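Okay, structure first, notes after.
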Amino acid sequence: MKSRYPLIAALLLLFLVPMVGQGITFNNCAEVPVCLPFNSCTQMSATVTASATTTCFDQALNFTYKVDLGNNGSFEVQDIGNTVTQTFPVGLSRISWRATSSCGHIATCEQVVNVKDCTGPNLICRNGITQSLDANCTMVVNAQQFVLSISDNCTPTNQIQYGLRRAGTGTGFPTKDTIQYAICDQGTNIVEMWVRDAAGNTNQCSNYVLVQNNSNTCPCISSTDVKLKGCNRTVQNGKLATYRMSAKATGTAPGSPAVNTTKFQSFQDSCYTLDVNALPVNFTGTITVSASRVDLVTTGVTPYDLVLISRHILNLEPMTTIYQVLAADVNRSQTVTNFDIVEIRKTLLGTLDTLPKVGAWQFIRPLANPLEMLNFAAVKDTFRLAFNNVSGAQNQTGLNFMGIKSADLDYTASLTGHDVSLDRHGADLLLSANDIWLEAGQSAQVPVLLSESVDLSAWQLNVRATAGKAHITGVTGLNDDAWALQPDGSVRMLWMDEMPGNARRFESGQELANIHVTAQTAGWLSQMLESLSDVPAEAITDAVLIRPVQFHFSTTNTTTGGTTVYQPVPNPTHGEVQWPLLLEQPGSVRLELVNASGQVVFTQNTQLDAGYQRLTTQLNQLAPGWYAWRVIAGNHAQTGTLLRH
């Protein structure tokens with residue numbers, strides 16, 4: 001039967017049914033920490049008060065509680081009110097709160113009381129310690145020497161932990177309970193002495209140790225200083241310069257932080273002394289010594305080195321030492337293959353500016369038997385020196401290294417980046433191009449022509465376009481992997497016979513390659529292109545002889561025609577020397593040499609035909625030293641310097 005008054009029935013239900021958990025909110029049911037007193041480790045009296053808010057129109061709340069002492073599931077205390085004053089045992093106890101309102105709301109709260117040890121050990125320290133060094137000039141102080149009395153409310157005295165460290169050398173509880181002193185610690189030393197109970201509570205005192213030296217025989221050694229000495233030379237025993245030494249020290253020492261430091265120093269002399277100073281006293285560890293040098297990857301590297309590698313692979317001219325193998329094995333495969341030739345060739349063409357697997361220079365320890373070509377296990381690039389509990393000055397000598405220029409098989413590079421032997425060169429080989437007039441925007445193919453018939457294994461030529469006058473767009477007549485355009489607008493060309501190590505016959509006037517040029521302004525081609533002097537241009541003959549390449553524009557116009565005198569070869573020289581010349585017309589050519597005192601010590605007059613010629617002379621009668629030279633041909637004069645070994 002339906003009620004005739006549904007609204008009144010709903011209101012009656014609202015007031016008669018309790019609103020459990022609604023309308024009452026406890027303010028804080030978080031854990032209550034309670035610290036044990038300094039003289040007890042079993043229990044502690046504490047007062048805990050509960051509070052809550054309600055949405056009932058009557059703000060008064062009624063509280064009841066039950067206490068589970070020890071949190072074991074049984075309630076030992078029950079009462080009314082919102083305040084519990086009780087002696088709680090050590091550990092966890094639980095209070096179960098219940099709050100009700102006049103609106104019928106009910107809420108509960110479970111609150112934990114945690115009674116624990118919060119007090120560090122009770123510590124009274126002595127007022128400093130005075131102690132003398134022993135016969136070994138050392139002494140050890142332990143933390144318990146500073147204790148006058150100590151106790152703890154919970155932890156037995158024999159279970160209290162001790163810590164000791166030099167003041168200001170760390171934070172938190174010390175990791176050790178002793179300190180070792182030596183003669184350099186003579187006098188007053190401030191320390192931190194710590195104690196810790198089983199609950200992790202700590203106490204500490206600041207104190208001092210007075211170190212005395214009653215015998216007056218102990219020397220003060222405040223650090224470990226290591227001098228590393230050695231000399232660096234080439235495979236041919238030449239002196240090396242402009243390199244950097246590195247010494248990495250790692251290890252430990254009592255009472256000091258771990259050592260992990262690296263010392264770098266650059267040297268200009270072939271012999272070095274590298275000081276690794278301020279290592280801690282009683283150092284135990286290692287020092288690793290190595291050498292290095294930053295250099296252009298192409299220093300000392302020419303097509304001649306590629307020919308030598310090819311002849312080794314074909315067993316036409318095998319390498320004789322492992323040093324050559326290391327120089328050639330640029331991909332670190334422990335073999336010499338065509339893959340090494342490909343990598344080196346890319347550097348000469350400028351498509352690689354580094355050798356990915358090796359640096360420009362390799363420094364290794366001298367080998368006892370370099371003739372053992374495959375003894376790679378004997379190759380070491382560092383010295384690893386071991387030290388055990390050392391102090392004071394330490395000298396390490398004989399740390400010698402050998403510098404090997406990567407890809408330089410004939411050892412022509414020194415650490416200064418200059419060739420040290422030019423005597424391997426033959427006479428110059430002249431390459432020419434016809435000088436033509438180009439209008440702005442006009443393109444042309446420029447044939448590079450040989451001036452004589454010759455058998456060649458390889459040749460290299462590098463040509464640059466003058467900025468603002470022209471730009472080089474490419475090369476034909478060579479395989480794509482035999483030339484490369486450079487960011488500076490130049491082009492590098494490197495040809496090798498299809499069968500590396502063999503030679504091919506070229507005839508006089510034959511085209512070696514065609515350089516594609518577009519003019520930006522009108523002018524003669526010779527004003528737009530030039531060979532690069534900072535990159536060697538060479539040709540390798542069938543006799544494995546290196547011939548420096550001279551690039552010249554042949555012309556009949558008066559704007560660019562004339563006489564050219566090239567640099568003498570070889571320079572330095574042991575006797576015979578040649579000056580390549582390009583003479584506009586036949587006539588007498590005069591050579592003059594002047595010594596350091598300004599005296600003319602040599603003259604020579606030679607009648608030569610027009611065209612490409614060589615002025616040859618013997619200087620065996622001259623004393624070793626530097627000379628200024630001058631070559632006069634018609635109205636043209638050229639000067640320079642020459643070194644006589």
Next on the checklist: If A241 satisfies all but one of (1) without any contact (Cβ under 8 Å) to a residue 60 or more places away in the chain; (2) not in a strand (DSSP E or B), what's the number of the condition it fails?
Outcome noted: (1)
Next on the checklist: Suppose we keep only residues that are in a loop (DSSP other than H, G, I, E, B) and closer than 21 Å to E538 by Cβ within segment 471-494. Which one would you say is most open to solvent (accessible area, probe 1.4 Å)?
Outcome noted: N479
Checklist entry - Taking the condition in a strand (DSSP E or B), under 23 Å from V307 (Cα atoms), open to solvent by 40 Å² or more (accessible area, probe 1.4 Å) and at pLDDT 90 or above, does R464 pass? => result no
Checklist outcome for this item: Only one of (1) in contact with a strand residue (DSSP E or B) (Cβ under 8 Å, 6 or more places away or on another chain); (2) open to solvent by less than 40 Å² (accessible area, probe 1.4 Å) does not apply to T119, and that is (2)
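Could you say which residue among E538, E530 is touching a helix residue (DSSP H, G or I) at 6+ places or on another chain (Cβ under 9 Å), of a type in the set (D, E) and modelled with pLDDT of 85 or more?
Details: E530 fails: touching a helix residue (DSSP H, G or I) at 6+ places or on another chain (Cβ under 9 Å).
Just a single option satisfies the conditions, and that option is E538.
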Next on the checklist: Restricting to segment 602-631, name every residue that is among the β-branched types (V, I, T) and under 53 Å from the mean Cα position of the chain (by Cα).
Outcome noted: T616, T617, V631
Item to check | Pair list, Cβ < 7 Å and 6+ apart or interchain, from segment 191-219 residues that are under 15 Å from S149 (Cα atoms) to residues that are open to solvent by less than 60 Å² (accessible area, probe 1.4 Å) and polar (S, T, N, Q) | outcome: M193/N207; V195/N203; D197/T155
Item to check | Residues of segment 426-448 satisfying the condition of being open to solvent by 40 Å² or more (accessible area, probe 1.4 Å) and farther than 18 Å from E511 by Cα | outcome: W437, E439, A440, G441, Q442, S443
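I'm checking my understanding of the structure. Among residues of segment 330-360 that are touching a Phe, Trp or Tyr at 6+ places or on another chain (Cβ under 8 Å) and open to solvent by less than 80 Å² (accessible area, probe 1.4 Å), which one is nearest to K405 (Cα to Cα)? So that I can check it myself, show each step before the final result.
First, pick out the residues of segment 330-360 that are touching a Phe, Trp or Tyr at 6+ places or on another chain (Cβ under 8 Å): 331, 333-334, 349.
Subsequent filtering for residues that are open to solvent by less than 80 Å² (accessible area, probe 1.4 Å) retains 331, 333, 349.
Values: N331: 14, S333: 17, L349: 18 Å.
If we take residues in segment 330-360 being touching a Phe, Trp or Tyr at 6+ places or on another chain (Cβ under 8 Å) and open to solvent by less than 80 Å² (accessible area, probe 1.4 Å), then N331 is nearest to K405 (Cα to Cα).
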Checklist outcome for this item: Note on segment 43-62: residues open to solvent by 30 Å² or more (accessible area, probe 1.4 Å) and in contact with a strand residue (DSSP E or B) (Cβ under 7 Å, 6 or more places away or on another chain) are Q43, M44, S45, T47, T49, T53, D58, L61, N62
Checklist entry - S451: at pLDDT below 90, polar (S, T, N, Q) and surrounded by 22 or more Cβ atoms within 10 Å (Cβ to Cβ), yes or no? => result no
Checklist entry - Hey, among A623, A596, A543, which residue is in a loop (DSSP other than H, G, I, E, B), loosely packed, with under 14 Cβ neighbours inside 10 Å and at pLDDT 90 or above? => result A623
Checklist entry - Within segment 309-341, which residues are of a type in the set (G, A, S) and closer than 18 Å to A458 by Cβ? => result S310, A327, A328
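Answer yes if at least one residue in segment 501-508 is at pLDDT below 80, over 18 Å from D428 (Cα atoms) and under 44 Å from the mean Cα position of the chain (by Cα), and no otherwise. Steps first, please.
Step one: list which residues in segment 501-508 are at pLDDT below 80, which gives 501-502.
From what is left, the residues that are over 18 Å from D428 (Cα atoms) are 501-502.
Pick out the ones that are also under 44 Å from the mean Cα position of the chain (by Cα) and you get 501-502.
The answer is yes; a qualifying residue exists.
Is segment 572-590 home to any residue that is of a type in the set (S, T, Y) and open to solvent by less than 30 Å² (accessible area, probe 1.4 Å)?
The initial filter retains those residues of segment 572-590 that are of a type in the set (S, T, Y), namely 573, 588.
Then drop every residue that is not open to solvent by less than 30 Å² (accessible area, probe 1.4 Å), which leaves 573.
Scanning segment 572-590 turns up at least one residue that is of a type in the set (S, T, Y) and open to solvent by less than 30 Å² (accessible area, probe 1.4 Å).
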Item to check | The lone exception for N605 - which of (1) open to solvent by 60 Å² or more (accessible area, probe 1.4 Å); (2) closer than 21 Å to S432 by Cβ it fails | outcome: (2)
Checklist entry - From V294, V289, which residue is within 23 Å of the chain's Cα centre (by Cα), in contact (Cβ under 8 Å) with a residue 12 or more places away in the chain and surrounded by 18 or more Cβ atoms within 10 Å (Cβ to Cβ)? => result V289
Next on the checklist: For the structure I just gave you, tell me whether S215 is modelled with pLDDT under 95, over 30 Å from Q396 (Cβ atoms) and not in a strand (DSSP E or B).
Outcome noted: yes
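Considering N82, N127, which residue is under 25 Å from M44 (Cβ atoms), open to solvent by 30 Å² or more (accessible area, probe 1.4 Å) and not acidic (D, E)? If you could, list the steps in order and put the result at the bottom.
Working: N127 fails: under 25 Å from M44 (Cβ atoms).
Of the residues listed, the single one that is under 25 Å from M44 (Cβ atoms), open to solvent by 30 Å² or more (accessible area, probe 1.4 Å) and not acidic (D, E) is N82.
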Item to check | Qualifying residue in segment 140-151 (condition: without any contact (Cβ under 8 Å) to a residue 24 or more places away in the chain, surrounded by fewer than 16 Cβ atoms within 10 Å (Cβ to Cβ) and among the small types (G, A, S)) | outcome: no
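Could you check segment 306-318 and list, in sequence order, the residues that are among the aliphatic types (A, V, I, L, M), over 11 Å from A407 (Cβ atoms) and open to solvent by less than 20 Å² (accessible area, probe 1.4 Å)?
In the first step, residues of segment 306-318 are kept if they are among the aliphatic types (A, V, I, L, M); the result is 306-309, 313-314, 316.
Imposing the further condition that a residue be over 11 Å from A407 (Cβ atoms) reduces the set to 307, 313-314, 316.
Passing the criteria: only V307.
Results for (1) closer than 28 Å to G392 by Cα; (2) of a type in the set (S, T, N, Q), shown as yes or no for each residue.
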position	(1), (2)
W97	no, no
D152	no, no
Q159	no, yes
G168	yes, no
G172	no, no
D185	yes, no
N189	yes, yes
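The values are calculated or read from the model by the stated rules, or taken from the named source; none is laboratory data. Predicted model only: the values in this text are computed from it and were never measured. In this analysis, Cβ positions are derived from the backbone assuming ideal geometry, glycine residues included, and neighbour counts consider all displayed protein chains. Ligands, DNA and RNA are stripped out before the accessible areas are found, and what is left, the full protein with its side chains, is counted by its heavy atoms. Shrake-Rupley method; radii C 1.70, N 1.55, O 1.52, S 1.80 Å.
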